[in-house]
Amino acid sequence: MEFTGTQAYLTNPALEAAVRCSLVLEKPLLVRGEPGTGKTLLAEAVAEALGMPLITWHVKSTTRAQEGLYHYDTVQRLYDSRFGDHDVRDIREYIHMGALGQAFQSPERVVLLIDEIDKADIEFPNDLLHELDRMRFTVMETGDEVAAAHRPVVVITSNAEKELPDAFLRRCIFHYIDFPDRELMARIVEVHHPGLDRDLMNQALTAFFAVRGMDRIRKPPSTSELVDWIAMLQTAGETEVDLGENMPFLGTLLKKEQDIEAFRTRSTRRY
Amino acid sequence: MFFQGLLYRLREQDVSVGITEALALAAALKAGAHDDTVRGFYYAARATMIHHEGHLDAFDRAFLAEYGNLDWDTSLTEQLREWLDEQNVRMSESSEEPPDLAELLEMFEQRKAEQTERHDGGPYWIGTGGKSPLGQGGVAAAGLSTGSSGGGRAAVRIADARSYRPYRSDVTLDIRQMEVALRRLRAFVREGAQVELDIEATIDETARNAGEIEVVTRPPSKPNTHVILMIDVGGSMFPYTTLMSQLFSATKKATHFKELRTYYFHNCVYGKVYGTERFTEPTWVHDLLRECGPHYKLIMVGDAFMAPYELGQSGPWSATDASRVPGIQWLQILADHFRDSCWLNPEPLSRWNGSTIEDIGRVFEMFPLTTEGLTEAMAHLNRGTPQRR
C-alpha cells in the first residue's frame, strides 16, 4: 500500500511518510494545520488512492464519544411495542452503529475520518482512546462485541488552535500541514484553474501572500479563499490586480470587517 | 537502536519522547516506512516521535545535532541572541552554591570565548534552560541572564537558593491544563423546554400505567455557572503577558459557563472597570454589582503588587463622591458582594510577604497562578463559604 497523492491532491515526502507510518503501524494519523490547508481533503485523497471506502464522522461541540460507537433507539422501541407492528423482542433491531461502529463492521478495510476532533468537549479524545487502540467495543445492551475485522485507516483532523490530551497524542502519528509556499500554491491553483493566465496567477499570488503577510490581519486568507478569489477575478475578466485600496473582490479574501478595515488603512498610509 | 541519541537529544529539549515513540519508530523502520533513505528516516522519525507542531523545531535541531554538521560561521553574539530568543527550556533543579556577580561575569566572558556552538540544557555552556548559571530560562540558584525579559526582573538575582522551585510547574502550565482546572467550576441546572426524554421516569410511569406508554420528558441540563474575570493589565503585569493570554483563552474556550464577563483594571480597582485592555468601555463597579448578583463567581487576576498609596488612596478620578474611596475598599466591596471570589497571582510565592500582596491577600483568598494554585482556587470557589480573616 502506497500513498503518493491523487491527481487533485498534491502531497510532499513528509506527508507521504506520515501516511506510510500510519498504515504500517496501524495507528491513527493526526493531521493538524491552519484552516484551509486541506486536512479533510487528505482523508478523501487517501481513500481514493488506496481504493477504500470513506466513512466520515463530523465532530461537533455537542458530540459525545458514545455516538461514534452506536446508538440505542429506545424511543422507537417503546413506540413499536405500543403499536405492535414490529418484533420488539430483538433489541439488536434498535441498535444503530455510529461511524466507528460502521468502520469496524465493514467487510473491507475502510478509511475512517474523524473530522475536527477539537470541536468537541475537552475530554472527548480520551473517551475514544480504548476503542481506537483495540479497535473493538461492546454493545452494553446486548453484550455483543463489535470488533474490527480489518483495522480501519483512521485519519483525525484538528485545528492548530486547540490542544489535545497527551495520552491521545502519544497514540497517533502526527503530521502538521504547513501552509503551502508560493511554488506549491501555484501548483494547487493550477489544479483548480487549469490554463490560468501566467501573468494573472503571478499577480494574484503576490497579492495573496502580501495580504497574508500583513500582521494586523486577524483571519488571514487560506487556500480556498485564494481559489475562490481567482475564480472571481476570471469571471470579472480582471487582468490587473491592484494591491492598493482598489483591490478587486477584497471581500472574497478577507472575511472579517476589521481585517478589511486594517487592509484599507494600511493601503492609504502606504500610497 | 541507532536512534537512541536522537531520543535523548529530544528529551534534553524537553520533548517528552519515550518507549512508545522508540518502539513506534523501530516498527516503522522494520516495515520499511523510511524507504531506506536518510530523508525518509527523517520524516518517519518525525512522524512517530513528534506530536505537536511546537516541537518540530526542537526535532530539527536534535536531528541536526545528532546526525548532521552545521555551519555556524555567523557572529557568535548574533547567534547567541538568536538561540536564546528561540526557546525557553523547562527549568531543572540545581543544588550548586550561587556564585557572585563578579565571578559570573568573568565566567560568562571566558565561556563565550570558548563556546562555538549553541547550547540548550546542560550544566556548563551558555544557552537556554539547563543548570549553567549563564544563559536564559535556567535554574542555577543565581545567574546571569543574557536576554532581557522585561522590567528588570529577570536580570542578575542573587536570591535564596531554590527560590524558583515552586514556579517549576508554572512553566508547563499550558492552556489545556488551565481548561481542565476551570472545568471544576461546572454546575448544571435543568431549565427550558421539555425536550429531553427521561428514560427512567418513562419506564416508571409506563409500568404504573399497566404497560400503556407514558412518555416523560424533562428540560435539558444546561451550564449554570456565572463567572466574572477581572484582569490586571497594569505595567507590572507585563512580564506575565503570555501567561495572561493563555488564561484568557482557556477561560474563553470554557463552554461550561453560562455567562462569562471579562473586565480589566490597572493595578487596582477604583470605581470603574473596563471592557477592553485599552481601558475603553468603562463600567461602574456599582452598576456591575447591581447587574450581577452574589451568585456570580469572581476571579481576580493580578500581581497585587503596587505602591502602598495606590491601595490606600482614592483613584485619580476623584471628581465624584463615589470614587473618593481608596483602592483597598473597592476590593473589599467586591469581595463582600460576591459569595465566591478568589485572587490568582502570577508572582512566585516567595514574593508575597511584606508588600501590598499581603494586604490584598487579607481581602481575597489568594492563590498562585500555577496548575495546583488554579485547581485549589477553583475548589475554593466551589466550596461556597469564603474564608475571610
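The values are calculated or read from the model by the stated rules, or taken from the named source; none is laboratory data. Note that this is a predicted model, so its numbers are computed, not measured. No Cβ is skipped: glycine too gets one built from the backbone with ideal geometry, and neighbour counts run over all protein chains shown.
Hey, could you check segment B:209-234 for residues that are in contact (Cβ under 8 Å) with a residue 24 or more places away in the chain and of a type in the set (Gly, Ala, Ser) and say which is surrounded by the most Cβ atoms within 10 Å (Cβ to Cβ)?
It comes out as B:GLY234.
For segment A:158-167, does any single residue satisfy the condition of being in a helix (DSSP H, G or I) and either of a type in the set (Phe, Trp, Tyr) or within 14 Å of chain B (Cβ to nearest Cβ) (or both)?
yes
Only one of (1) more than 26 Å from A:LEU23 (Cα to Cα); (2) within 14 Å of another protein chain (Cβ to nearest Cβ); (3) in a helix (DSSP H, G or I) fails for A:GLU141. Which number is that?
Status for A:GLU141: all satisfied but (3).
Can you find a residue that is surrounded by 14 or more Cβ atoms within 10 Å (Cβ to Cβ), modelled with pLDDT of 85 or more and in contact with a Ser or Thr (Cβ under 6 Å, 6 or more places away or on another chain) anywhere in segment A:208-230?
Within segment A:208-230 (the criterion being surrounded by 14 or more Cβ atoms within 10 Å (Cβ to Cβ), modelled with pLDDT of 85 or more and in contact with a Ser or Thr (Cβ under 6 Å, 6 or more places away or on another chain)), the answer is yes, since at least one residue qualifies.
Would segment B:249-256 turn up any residue that is surrounded by 14 or more Cβ atoms within 10 Å (Cβ to Cβ), closer than 27 Å to B:ARG339 by Cα and away from every other protein chain (no Cβ under 14 Å)?
no
Within segment A:177-185, identify whether any single residue is modelled with pLDDT under 85, part of a loop (DSSP other than H, G, I, E, B), away from every other protein chain (no Cβ under 14 Å) and surrounded by fewer than 15 Cβ atoms within 10 Å (Cβ to Cβ), and answer yes or no.
yes
How about segment A:151-176: which of its residues are among the aliphatic types (A, V, I, L, M) and at pLDDT below 85?
A:ALA160, A:LEU164
Being assigned to a loop (DSSP other than H, G, I, E, B) and in contact with a Pro (Cβ under 6 Å, 6 or more places away or on another chain), is that true of even one residue in segment A:238-257?
Checked against the condition, which is being assigned to a loop (DSSP other than H, G, I, E, B) and in contact with a Pro (Cβ under 6 Å, 6 or more places away or on another chain), segment A:238-257 yields at least one hit.
How about segment A:1-84: which helices (runs of 4 or more DSSP H) wholly inside it have at least 1 residues that are surrounded by 21 or more Cβ atoms within 10 Å (Cβ to Cβ) and free of Cβ contacts under 8 Å to residues at least 12 places away in the same chain?
The qualifying helices (runs of 4 or more DSSP H) are A:13-25.
Going through segment A:98-150 one residue at a time, which ones are out of contact with any strand residue (DSSP E or B) (no Cβ under 9 Å at 6 or more places or on another chain) and surrounded by fewer than 19 Cβ atoms within 10 Å (Cβ to Cβ)?
Correct list: A:PRO107, A:GLU108, A:ASP121, A:GLU123, A:ASN126, A:ASP127, A:LEU129, A:ASP133, A:GLY143, A:ALA149, A:HIS150.
Is it the case, given these coordinates, that B:GLU66 is in contact (Cβ under 8 Å) with a residue 12 or more places away in the chain, more than 12 Å from chain A (Cβ to nearest Cβ) and not aromatic (Phe, Trp, Tyr)?
For B:GLU66, the condition - in contact (Cβ under 8 Å) with a residue 12 or more places away in the chain, more than 12 Å from chain A (Cβ to nearest Cβ) and not aromatic (Phe, Trp, Tyr) - is met.
Only residues that are closer than 26 Å to B:ASN382 by Cβ and either acidic (Asp, Glu) or at pLDDT below 85 (or both): list them for segment B:312-345, please.
Once the filter is applied, which keeps residues that are closer than 26 Å to B:ASN382 by Cβ and either acidic (Asp, Glu) or at pLDDT below 85 (or both), segment B:312-345 yields B:ASP336, B:ASP340.
Output the residues belonging to segment B:20-40 that are within 10 Å of A:CYS21 (Cα to Cα), surrounded by fewer than 19 Cβ atoms within 10 Å (Cβ to Cβ) and more than 9 Å from chain A (Cβ to nearest Cβ).
none
Name the one entry in A:GLN234, A:GLN203 that is assigned to a helix (DSSP H, G or I) and surrounded by 18 or more Cβ atoms within 10 Å (Cβ to Cβ).
Of A:GLN234, A:GLN203, the one residue that is assigned to a helix (DSSP H, G or I) and surrounded by 18 or more Cβ atoms within 10 Å (Cβ to Cβ) is A:GLN203.
Looking at (1) closer than 30 Å to A:ALA103 by Cβ; (2) away from every other protein chain (no Cβ under 14 Å); (3) among the polar types (S, T, N, Q), which is the only condition A:THR206 fails?
The number of the failed condition is (1).
Has segment B:41-54 got at least one residue that is at pLDDT 55 or above and more than 12 Å from every other protein chain (Cβ to nearest Cβ)?
no
Could you check segment B:270-308 and list, in sequence order, the residues that are under 23 Å from the mean Cα position of the chain (by Cα) and in contact (Cβ under 8 Å) with a residue 24 or more places away in the chain?
Listed by number, the residues that qualify are B:GLU277, B:LYS297, B:LEU298, B:ILE299, B:MET300, B:VAL301, B:GLY302, B:ASP303, B:ALA304, B:PHE305, B:MET306.
A:THR239 - would you say it is touching a residue at least 12 places away in the same chain (Cβ under 8 Å) and either under 23 Å from the mean Cα position of the chain (by Cα) or under 30 Å from A:ASP121 (Cβ atoms) (or both)?
no
Select, from B:LEU260, B:LEU243, the only residue that is in a strand (DSSP E or B), surrounded by 14 or more Cβ atoms within 10 Å (Cβ to Cβ) and at negative phi.
Every option except B:LEU260 fails the conditions.
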